Every structure is written in C-alpha cells, then in structure tokens.
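Enquirer: Structure provided below as structure tokens; questions to follow.
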Amino acid sequence: MSTAVGPLPATAASAATRASGPQPADVFVIFGISGDLAKVMTFHSLYRLERRGLLDCPIVGVAGNDWSVEELRAHARAAIEGCGESIEEAVFERFAARLSYLSGDFSDPATFARLAQAIGAASSPVFYLEIPPSLFGTTIKGLAEAGLTKNGRVVVEKPFGHDLASARALSAEIGEHLDESQLYRIDHFLGKMGTDELLYLRFGNTMIESVWNRNHIACVQITMAEDFGVEDRGHFYDPVGALRDVVVNHLMQVVAVAAMEAPAGNDADTLKDAKFAVFRATEAADPAHCVRGQYEGYLNIDGVGKDSTTETYAALRLEIDNWRWAGVPWFIRTGKKLPVTQTELRAVFKHPPRLGFMEHGRHRRPEPDQLVIKLDPSTGTRLILDAHRADRGGPQAITLDMEFAQEGGEAPTPYEVLLLDALHGESERFTRQDSVEETWRIVQPLLDAPPPVHPYAPGSWGPKEAERLVAGYGAWHGPWIAT
C-alpha cells in the first residue's frame, strides 16, 4: 500500500519563467531506496549535501517494502550513522523533512499513477534508479506512460549491459521512452577528486602537458588494488568478475581522462566527444596480452560456483592508435585480496642515457622519471626523479609528494558530486552511450576468448604470470601506499 504524503508543492525551480535548458530538480525520486546502495552511499551523500546547504527539493523514496515515512526516516538515520557520520540533529531534521515514501510494484501502472499524484506540480523531476538493470526498462516505461519523463531526467547505475550486445539492447529498450540527453549513467570514478585533478594537472601545467606524449612517456600503468575479497557478495560477483565489474567502466574512464586531447569547450558534449575519441582510437584488447587470476579461497565463498573460472584479478595491455600515444602501452591491473587498497595512474617516462660525466664507478644509468596520480582512497601526486645525493654517495631516486588532505583538503565524496550534478542537470561527469559501446568493444575479445585463470595467494600482487605483460618495460610499479 502507499504511505506517501499528498502532492508536493511546486517550487521556484518549476516556474514557467525559467530559462531554457536543463533545470534544477524540483523533486528527487529514488527507486530502490530500501536497498544496499542507498544504505551505504545515497543517504550519507544526501545528508552531506544537506549539511552543505545544497539540497532544495523534496525526496520521494519508492520501493517494495511496506514502510511508513517514519520507518524510512529511521532507516536513513541508521544508514548515515553506519557510514561513520556524526549526525547534527538540526541538519538531519531538515533532511528528514524532505523524505516521503511510496510502496509499490515497479511493474504495476498503479504505482506510477500514485507517484504522479505524489509529485504533483513538479515539472523538473529527477528519477534515480538504484535497482537492477533488468528493471530499468520496466521502470522507465512506467514513468513514461504515466507522463513523468517529458521534462525529467533519469539516473541509472552500472552495469550498462554485460557485453556489447546487451549494452546495445538495453540502450534500445530505454531509447523507446527517453532521449539520450535525459539519461545520466553514473560511474562513481567520474566523481572522484583525483579524476578531476588528473585532467587539470595535464592541461593546466605546460611543464606536464608538453611531455605527456609518446616522445617522452615509455608506458602508463593504472592500478586499482583492493585488500578485501568478495566476502558475502558471491551471488553478485561470480557472474560478473573483474573485467566487467571495474575494467570496462571505472578504469576505462581513467584511461580516457589521461589520454584525451584538451576539450575545446566546457559543455558536456565537447568533453564527452574528447573521451569518445580515445575509446575509438583504442584497439580491441588481445587475449594474448591479458592475464586473469583468482585468489585462493574464492571457490569456498557462498554463491560462487564450485568450478567457477570467474577472475578476481585482471591485468591487460592496451594500445591507443593515435598521434599522441602510438607505440605507448597502457597497462591496467585490478584485483581483490591484494596487499593494499589503492587506485593510481603512473606515467613512466623513458630512460635517460648513461651519464658520462659521472665519476669512475658511478656510471649508473638514471632510473626513469615517474609521475603518479593517486585517485583513491585519498588524493595526491608524486613525482619520482633521479638526483645526486651526498648521503648515498651518488645518484638515487627521490620522491616529491603532495597529499591534497594537507593542501586545501579533500573534495566531497564521489556520490555527493554526481548526485548534485544530476539534480542540477549537469551531465559532464556522466557517460554517453557511444562511449559505453566502445568500451565494451575494447573488452569484448577478453569475454569471447577469456585467457585461463591463474591462482594467486591472498595478500600477494596477483599471479606471477602478470609480470610477462610488462616485460621490456621494467616491472609493475607501486602502488604509492596510501597514508
């Protein structure tokens, strides 16, 4: 049954006199508000936005649970506290007052009729689908048939398909009811401060951009390491694996930001065009240049098939066939049960020649310089240079480090950034369908002809077979351990 309050009042954001273009949301509707994502991410992010004074619309939760509004608010409080947040009562009271609730079946037209009544005169609604992709089509169809999508935006969570064919099929299904401009596909990596900083560091500093190319860089290494395992998520993870879970979305987005040309404008399409050009120039991955691994003990997890060949580790080599990057390999690795939790991008520069002016016995070839951008869990930059050190009696690598926590502080959490963008109609940080299809094209050969899975010990850096991928380029570097 429905426990929603009556129609929501129109706000200033829904006035007919607003300028053309995406308008700020005058109601935020969350499908699946009783689920795990809302519990561990959404409530916490919205509460932080409330504390910063950035929320200004009602929030309607929709789910199958037969909750009252009071139960929803109690659930929200517990979720926020469960994220380690210390609640300020005045802030929470403001936030809780925004919440209302509607229970219903997403396949029942009556649910959407009651939702239309609940949101009343709102003319710029934003619908957030925190539900399985299998329900996207049904839910969006229900919204459209109830007349709720004409001026609305719809935010969807990954995965955007499980291969190229399904990504296209999902797009076609959604496209029957929504224009591409109305669809906001969330990838939380695009909300990270480190991703923004990587883009700015490149183009905001002549010293870096002038050497950010094949003439100076030998290879690029991207590492996303996690020190935890699948734990109680076996039923979800086993049909997916590392390639589908993080490579095709998160890490390909890092590749795009690191490899793209400078966008010629600040509008969403110009930025997305620059990313698409990177994906379009990236050759399809070669299974011969991919290593998959599975940590020992994975097969004993509930929900995992006893003979599963799902990878919990993947390392691969990509080639970007354009003027800037031709001949520079991009090495990507990700895995669970590795020594640390850390995500970074590392540009390894070419070797300088031997230095003939050094004293006898010290004719050491300098080590290649490295520029490291730490993306997660904290943000920072590291420059590794070779220097002559008196205390070491000669040349030695030195590091120049900067942590953003000590230089202006950390940015808001990724979901704060992305949810606020969606509420404001700013789509720069959301992925576009053509890029979705290109990233699936790149990874598809690894799904069609997956390399064998090699076991590795928990706490190690993955299977030893991954070292062959970087042969000729030294070894896997790092990561820069989080402090």
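The values are calculated or read from the model by the stated rules, or taken from the named source; none is laboratory data. Predicted model, so just to flag it, every value in this text is computed and none were measured. Ligands, DNA and RNA are excluded from the accessible area calculation, which covers all protein heavy atoms including side chains. Shrake-Rupley method; radii C 1.70, N 1.55, O 1.52, S 1.80 Å.
Enquirer: Which of rounded, prolate or oblate describes segment 364-483 when judged by the alpha-carbon gyration tensor and an a/c cut-off of 1.5?
Expert: Oblate, because a/c is 1.5 or more while a/b does not exceed b/c.
Enquirer: Taking only protein heavy atoms into account and a 1.4 Å probe, give the accessible area per residue of the chain in Å².
Expert: 43
Enquirer: For the chain, what is the percent of antiparallel DSSP beta bridges, rounded to the nearest 5?
Expert: 55
Enquirer: Shifting gears a bit: Applying the Karplus parametrisation 6.51 cos²θ - 1.76 cosθ + 1.60 with θ = phi - 60° to the phi angles of segment 239-250, what ³J(HN,Hα) value in whole Hz is obtained for each residue in order, glycine and proline being reported as x?
Expert: x, 10, x, 5, 4, 6, 6, 10, 5, 5, 10, 3
Enquirer: Calculated from DSSP H runs of 4 or more alone, at -39500 (n - 2.57) each and per residue, what is the 222 nm mean residue ellipticity of the chain, nearest 500?
Expert: So the helix-based figure for the chain works out to -8000 deg cm²/dmol.
Enquirer: Ignoring ligands, DNA and RNA, what percent of the accessible area of the chain is carbon or sulfur (1.4 Å)?
Expert: Carbon and sulfur together cover 53 percent of it.
Enquirer: Rank S124, S171 by accessible area, highest first, at a 1.4 Å probe radius?
Expert: Ranking S124, S171 by accessible area, largest first, yields S171, S124.
Enquirer: Step through the residues of segment 334-342 one at a time and calculate ³J(HN,Hα) from phi using the Karplus curve (6.51 cos²θ - 1.76 cosθ + 1.60, θ = phi - 60°), rounding each to whole Hz and writing x for Gly and Pro.
Expert: Coupling constants for segment 334-342: 8, x, 9, 6, 8, x, 9, 9, 6 Hz.
Enquirer: How big is the convex hull of the Cα atoms of segment 281-358, per residue, in Å³?
Expert: 183
Enquirer: Taking amide hydrogens as modeled 1.01 Å from N in the peptide plane, which residues meet the under 5 Å criterion relative to G61, leaving out close sequence neighbours?
Expert: Sorted by chain and number, the residues that satisfy this are I30, S100, Y101, L102.
Enquirer: Let me cross-check C83: its accessible surface, 1.4 Å probe, with only protein heavy atoms counted, in Å² to the nearest 10?
Expert: In the full protein context, C83 sits at about 50 Å².
Enquirer: Next up: Work out the P(r) tail for segment 48-101: percent of alpha carbon pairs separated by more than 12 Å, whole number.
Expert: For segment 48-101, the fraction of Cα-Cα distances above 12 Å is 66 percent.
Enquirer: Of H235, H177, H289, which has the most accessible area with a 1.4 Å probe, and how do the rest follow in descending order?
Expert: So, going from the largest accessible area down, we get H235, H289, H177.
Enquirer: Now, a different point. Give me the compactness ratio for segment 151-281, meaning the Cα radius of gyration over 2.2 N^0.38 Å.
Expert: Expressed relative to 2.2 N^0.38 Å, the Cα Rg reads 1.22.
Enquirer: Moving on. Which shape class, rounded, prolate or oblate, goes with segment 406-457 when its Cα gyration tensor gives a ≥ b ≥ c as root eigenvalues, a/c under 1.5 marks rounded, and past that a/b bigger than b/c marks prolate?
Expert: Taking the square roots of the gyration eigenvalues as a ≥ b ≥ c, segment 406-457 is oblate.
Enquirer: Now for a separate question. Once you compute Rg and the Kirkwood Rh from C-alpha atoms, what is the Rg to Rh ratio for segment 36-126?
Expert: That ratio equals 0.98.
Enquirer: With a Cα-only, solvent-free Debye model of segment 164-220, what are the log10 I(q)/I(0) values at q = 0.14, 0.16, 0.20, 0.23 Å⁻¹?
Expert: -0.68, -0.74, -0.82, -0.91
Enquirer: Distance cut-off 24 Å, Cα to Cα: go down the list K150/K192; K272/K350; K39/K150; K150/K275; K158/K336 and report the pairs above it.
Expert: Pairs exceeding the cut-off: K150/K192; K272/K350; K39/K150; K150/K275.
Enquirer: If amide hydrogens are placed 1.01 Å from N in the peptide plane, which non-local residues have theirs closer than 5 Å to the one on Y456?
Expert: Amide H to amide H, under 5 Å and 5 or more residues apart or across chains, Y456 pairs with Q294, Y295, E296.
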